[in-house]
Amino acid sequence: MSASDLTRLSAAELSDQLASGTTTAVAATEAHLARIAEVDPAVHAYLHVNADGALRTAREVDAKRAAGEKLPRLAGVPIALKDLIVTIGMPTTAGSKMLEGWLSPYDATVVERVKAAGMPILGKTNMDEFAMGASTEWSAYGPTHNPWDLGRIPGGSGGGSAAAVAAYEAPLAIGSDTGGSIRAPSAFTGTVGVKPTYGSISRYGMIAMASSLDQGGPVGRTVLDTALLHEVLAGHDPRDSTSLPDAPPDFVAAALRGRKGDLTGVRVGVIKQLHGEGYQPGVTARFDEALEVLRGLGASVVEVDCPHFAYAFDAYYLIMPAEASSNLARFDGVRYGLRVTPEPPVTAERMMAASRGAGFGPEVKRRIILGTYALAAGHFDEYYGAALRVRTLIQQDFARAFEQADVLVSPTAPTTAFRFGEKLDDPLAMYKGDVATIPANLAGDPAMSLPSGLSDDGLPVGFQIIAPQRADDRLYYVGAALEAALEKRWGAPLLSNLSEITLPSSGAQSPDLAPGKGQSQ
Amino acid sequence: MSDISSDEVARLAVMAALDLTAAEIAQLTSELNVIVDSVANLGKVATLDVPITSHPVPLENVFRADVPEPSIDLAEVWAMAPEVEADMFVVPRMLSED
């Protein structure tokens, strides 16, 4: 199989070929490194490429397999990691100048799990600085370009992970999601992304943004691939005090069962507050068509009313900056990261302020100031305290909704991928893109985005599925069923519509749309 | 209608140990007012009888076994420190001259 063919395989297909000896981990890793060299100058998904380390892992896996050792399912399948996941031997920058060149003295738990699974780590992917953003435009190292249209954003904060997977620069990636940072980039790039139940994937070693909202999660091109990675990552970790003690459900079995396409008895709840006005017509059209597909598979579709979701956005933009302002206090130039010496008098306090002023970008400063304001004495009940009460109301809305439905659905985002610069001058407009993804973070519920087609502008649209806490397997069951039915209609996966990425000197490229592809008949 | 002054933003910056230029303070003051206006209507529903939820999945008494474990390799920590002397992080004085 040619190198370029190896990059087009799903993780599941690649793992089968590795197990059967059809190909080797070294060949697969080399193929992806070649692909990265070919297209990443245009896409800029990666901040660091770990060629030597990845090939070393690949050689070890090949040797073990040749010696007849039984290996984990994804052994030899390469993976990319969002750059807020700390890694020994590779820089971790969180997309910020504050941590330029910083080498972590320890691996995150998810990295330990990926290494134990024998997965070569291709590198670290680009992101909005400290995960603060919805477009990856706030990365201190330059934006990532959407493989569907290089003049457009891939979403954020995890734009690098999603773009790498969409552009075949990695079959799998790990992202993190605080208000939609896995799901929205997946919607904008035509990939699958999952934010798991809060506490089900360890946050140890993931640079913290908002500790009560952050969750690491899998990104892939198919629902099954995402399930396979989720299985590697999930499970109790005593080093994360918010880590759930429960054993996770079987995501892969759920995905395989779901693929058979029988949703008889499954109740699907359409969240009244998360569709309709404010959503692009093409987004709404693909959403409605997906509901039809679900009905066709035997599911019943009802509308559920979540009245307090109207306040979710406000609550989030108080809770998240408050927690982030606290979490980012550690970046002060004392023990690690950027240190700037101020004008005399040089005191520790002035040094910290100068280092932070120089190391943080505008969006980070905005959120730190907003968070400091929300937490300032005299403001607690009015802002942060009020937001925590609204969080209770939102959890209650979800509880009531889950009495009427097994999964809740909405479009992942109100729009398709917008152009660079469109929202930079209007922070509030940028924030509003998260309106559909935020509620699941506030409640700690697991949620998935998977592709539901192309909008009228030829850009991918995401379909969001939300399940109750600890029922992440339901996402894979319903998601796999929807994906199989949609791909049958389209005749091919959505990403097959993605035309070849040409480097900027060859001129701009636009998606190559075969008539009718990606839009249900 | 929120009325956050640029003086208040400057005070917040001091609280947050964050150096801001005059231009940044001006920009942040107008942005902060817009954002706070937008989020200020929570009081309507967030009445004091509604309990607070700080963590989405409540856990209690999360302990680990009282067993010593190895710490991080100090050499790797020093390698990333801005300034080190005799196995200590070097920082400027805490207080100014007077």
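The values are calculated or read from the model by the stated rules, or taken from the named source; none is laboratory data. What you see is a predicted model, and the numbers here were worked out from it, not measured in a lab. Backbone-built Cβ (ideal geometry, glycine too); neighbour counts: all protein chains shown. Remember, those area values only see protein heavy atoms, side chains included, never the ligands or the DNA or RNA. Shrake-Rupley method; radii C 1.70, N 1.55, O 1.52, S 1.80 Å.
Things worth noting here:
- Calculated Rg and Dmax of segment A:419-471 using C-alpha coordinates, Å: 13.9, 39
- Distance-filtered residues of segment A:136-163 - backbone nitrogen under 20 Å, label point 7 angstrom along B:SER30 Cα→Cβ: none
- At most 16 other Cβ within 10 Å, DSSP loop - trypsin sites (Lys or Arg not before Pro), segment A:191-267: A:ARG239, A:LYS260
- Oblate is the label for segment A:1-121. Its Cα gyration tensor axes, ordered a ≥ b ≥ c, give a/c of at least 1.5 and b/c at or above a/b.
- Degrees, to the nearest 10: B:22-39 long Cα axis against longest axis of chain B: 60
- Förster radius 41 Å - calculated FRET efficiency between B:GLU76 and A:ALA37 (Cβ-Cβ, nearest 0.05): 0.85
- Here A:ASP5 and A:GLN404 are evaluated by their C-beta separation; at R0 = 30 Å the FRET efficiency comes out at 0.05.
- Stokes-Einstein translational diffusion, chain A - Kirkwood Rh over all Cα pairs, 1.306 mPa s, 10 °C, in µm²/s: 70
- FRET efficiency estimate (nearest 0.05) - Cβ-Cβ, A:ALA67 to A:SER326, R0 35 angstrom: 0.10
- Length gained on full extension, A:SER300 to A:ALA429, computed as 0.36 nm times the residue gap minus the Cα-Cα distance: 43.0 nm.
- Pair B:ASP66, A:TRP102: separation of 7 Å Cα→Cβ label points (nm): 3.4
- Averaging the Cα positions of each part gives two centres, and for segment A:167-215 and segment A:427-452 these lie 12 Å apart.
- Length available on full extension from A:ASP456 to A:LYS488: 0.36 nm per residue minus the Cα-Cα distance, which gives 9.5 nm.
- In segment A:397-428, burial by the other protein chains removes 40 Å² or more of accessible area from A:LEU428, compared with the chain on its own (1.4 Å probe, ligands and nucleic acids ignored).
- Segment A:ARG257-A:SER211, length gained on full extension (0.36 nm per residue, minus Cα span): 13.2 nm
- Protein accessible area in chain A, 1.4 Å probe - carbon and sulfur %: 52
- Accessible area (Å², per residue) of segment A:357-506, counting only protein heavy atoms and a probe of 1.4 Å: 30
- Computed over protein heavy atoms with a 1.4 Å probe, the carbon and sulfur contribution to the accessible area of segment B:35-98 reaches 56%.
- A:ALA51 paired with A:ALA348, simple spin-label distance in nm, labels 7 Å along Cα-to-beta-carbon: 4.4
- Above-threshold pairs, the threshold being 29 Å between Cα atoms, out of A:LYS124/A:LYS272; A:LYS272/B:LYS44; A:LYS64/A:LYS488; A:LYS82/A:LYS423; A:LYS97/A:LYS423: A:LYS124/A:LYS272; A:LYS64/A:LYS488
- Of all the options B:ILE72, B:ILE25, B:ILE52, the one that moves most in a Gaussian network model of chain B with Cα springs shorter than 10 angstrom is B:ILE72.
- If you take the Cα centroid of segment A:8-48 and the Cα centroid of segment A:281-324, the two points sit 34 Å apart.
- For the pair B and A, the buried accessible area comes to roughly 5000 Å² in total, with a 1.4 Å probe and the value rounded to the nearest 100.
- Residues of segment A:247-337: accessible area per residue with a 1.4 Å probe, Å²: 40
- Mean residue ellipticity at 222 nm, helices only, the protein assembly as shown: -12000 deg cm²/dmol; runs of at least 4 DSSP H residues each add -39,500 (n - 2.57), and the sum is divided by the number of residues.
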